[in-house]
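**Student:** Below is one structure. I have some questions about it.
Coordinate-derived values only; no laboratory data. Predicted model only: the values in this text are computed from it and were never measured. Quick reminder, even Gly has a Cβ in these numbers, built from the backbone with ideal geometry, and neighbours come from all protein chains shown.
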Amino acid sequence: FPEFESLAQRGEEMLERLAVAEEDKTAEALGIPLRRRYDIMQAFRDHSMVADLLQGGYVGRVATVRELRTVLDALQVRCSSEQLLALFAEFARPDIEALDAPGFLRIVHSLGLERLPGQKSHVRRAQAPPAQ
């Protein structure tokens, strides 16, 4: 039994390393500085949940609309309910019906939050989806 626990722990650590590597790749492609990336992803990790149900073949941290609101509040980003829903609809993964870490990084970029505090930036607000 201890051998199984050790094997399971190594498997979890490997999945975490793969997830962080994917986050780093996405953040680098979006131009998010390393220091800012750490703060942003720490907020995501603190307020998201682990999806271990293998939904859509995905294992990792995900956020629902409720968790996304909490993460954005932690980052002191204000947006209306309509804006929040629009962001979630645009960047969430439909196969798991949740927002993964790369999707969250794309939200950060779309809102102009990738700059470090003290750098001049203009925070863009999300647009509500067009009425159909």
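**Student:** Want the number for SER81 to GLU28: 0.36 nm per residue separation, take away the alpha-carbon distance, what's left? Working shown, then result.
**Tutor:** Details: separation 53, 0.36 × 53 = 19.08 nm, distance 2.92 nm.
Value of the extension gain: 16.2 nm.
**Student:** Taking 7 Å along the Cα-to-C-beta vector as the label spot, tell me the ASP39-THR70 distance in nanometres, rounded to one decimal.
**Tutor:** Spacing of the two 7 Å Cα→Cβ label points: 2.2 nm.
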